[in-house]
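*Asks:* Please find one structure pasted underneath; my questions will follow.
Just so you know, all these numbers are worked out from the coordinates, no wet-lab data involved. The structure displayed is predicted, hence computed values, not measured ones. Cβ placement follows ideal geometry from the backbone for every residue including glycine, while neighbour counts extend to all protein chains displayed.
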Amino acid sequence: MTTLYNLLMIKVEIILSILKLFNVKIQQFVNERKNVIKILEKEISKNEKYIWIHVASLGEFEQAIPIIEEINKHYIDYKILVTFFSPSGYEIIKNYNKVDVVCYLPLDSRRRVKKFIQIVNPKLVFFVKYEFWPNLLNELKRKEIPTILVSGIFRKQQIQNLFNYKKCNNNSNKPNYFCLSP
């Protein structure tokens, strides 16, 4: 299943690189993700400890605000990185003063994920609601970085989560802790 997923990700990248020539939003999507590693290399300090929170969009970010507030209260020695998949959340939150770094999540290729994790070296990772990326979860598990799924929803009938539902049933790459929604 992993090989099939990685082949799919390669096809997605090829298709996006073609579609960006005809669509401004897709062009922005592709270009912003190309800059993620450069942004992180500039913004992330090797001398700091990071807690990483990933959200898909603005709605999920709003669910993460209480977590951010508690981290700021109780883990003052940690910096907070927030990543987005969607530009709607990113554009509104990119200058939010309660987190230290805000950027997009790169596409879920093994190479990008390894580089991302190598640079950030998070001590703890939160995923909010729907965001499950197999290569990312595999790398976090391989590096033994604790992961927490917050407000997760697992409904087998939802097509958008069907692949991820099956993948997370495999103990090798599921989050360490689940905080699920009914």
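*Asks:* Which order do Asp100, Asp108, Asp77 fall in if you start with the one that has the fewest other Cβ atoms within 10 Å?
*Replies:* Neighbour counts put them in this order, fewest first: Asp77, Asp100, Asp108.
*Asks:* Mind checking the stretch 49-151 for GluC sites (Glu not before Pro) that DSSP puts in a loop (not H, G, I, E or B) and that have at most 16 other Cβ atoms within 10 Å?
*Replies:* Details: sites: Glu60, Glu62, Glu69, Glu70, Glu91, Glu131, Glu139, Glu144; in loops: Glu131, Glu144.
Taking the stretch 49-151 and a limit of 16 other Cβ atoms within 10 Å, the loop GluC sites (Glu not before Pro) found are Glu144.
*Asks:* Ok, one more. Quick one: net charge of Leu16's neighbours, Cβ under 14 Å, K/R +1, D/E -1?
*Replies:* Result for the local shell: +3.
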